[in-house]
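Notes follow the structure.
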Amino acid sequence: MLSTYAWEKDMAAFEAPASPLEHTLIATLFDGSQVGAAIEELRQAGLGDKLDSWVSTGENLPLTADELTKALGPSIERIALVIGSSADEVAQKVAAVLPATVDTMSPNGELPS
């Protein structure tokens, strides 16, 4: 069970605007020309149910850093090298913002083509 402090911290992470680093990471993984390919990688990694929840108009299922690393490990590692961060930190930050980002990209329940 999360303590009140931990819960407040987690909620603040979702409510705060994405940082420039987070925007860069999302753009690197999901730029306009690569959305379909990245989504397919996530589906093939067994994250189809989560993806469907982010695209749909309902509640977004959470994504863990471990799930993201299993799905997009090489991309996460390359981004970490480029920005001088650890792969774990990159995966945690991207996993925290990815569901809301995909949800925002699909306001009517469809991803852009």
Entirely in the range 3-113, the helices (runs of 4 or more DSSP H) that have 3 or more residues that are of a type in the set (Phe, Trp, Tyr), modelled with pLDDT of 80 or more and surrounded by 11 or more Cβ atoms within 10 Å (Cβ to Cβ): none
Qualifying residue in the range 67-81 (condition: of a type outside the set (Asp, Glu), touching a Pro at 6+ places or on another chain (Cβ under 7 Å) and farther than 16 Å from Ala37 by Cα): no
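The values are calculated or read from the model by the stated rules, or taken from the named source; none is laboratory data. Note that the structure is a prediction, hence the values are computed from the model and not measured. Using ideal geometry, Cβ is built from the backbone for each residue, glycine included, and neighbour counts are taken over all protein chains shown.
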